[in-house]
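Have a look at the structure below, then the notes.
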Amino acid sequence: MYIMHRTQLYLDEHLWNALHARAKSGKTSISELVRVAVRDRYMGKRDEQAKAMQEFVGIRKSRSEAVDAVEYIRSLRRGDRLERLSQE
């Protein structure tokens, strides 16, 4: 269910004219322009965070086995990466 609340704004003439012109050229309403601006200003970060979390969920699904971080670091230290880096 989607609930809308009605509100009243007081806009000076310059702002009203700018919004009216933008709404007319974009074939939308002043109300929609205000909703988009408010959403971008006050909810933008929350929406970005939610999107990032949704993208992150399941990122490791394709990995069949759990990796032991300590053992992984030890294997890197046992490797020859330092020798390879010094040769470059």
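The values are calculated or read from the model by the stated rules, or taken from the named source; none is laboratory data. Every value quoted in this text rests on a predicted model; they were computed, and no experiment measured them. Every residue, glycine as well, gets a Cβ built from its backbone with ideal geometry; the counts of neighbours run over all protein chains shown.
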_Any residue in the stretch 13-39 that is outside any helix (DSSP H, G or I) sitting within a Cβ distance under 7 Å of a residue that is surrounded by 13 or more Cβ atoms within 10 Å (Cβ to Cβ)? List the pairs, counting only those 6 or more apart or interchain._
Ser29/Ala23
_Residue tally, condition at pLDDT below 75, small (Gly, Ala, Ser) and surrounded by fewer than 10 Cβ atoms within 10 Å (Cβ to Cβ), over the stretch 29-71_ = 4
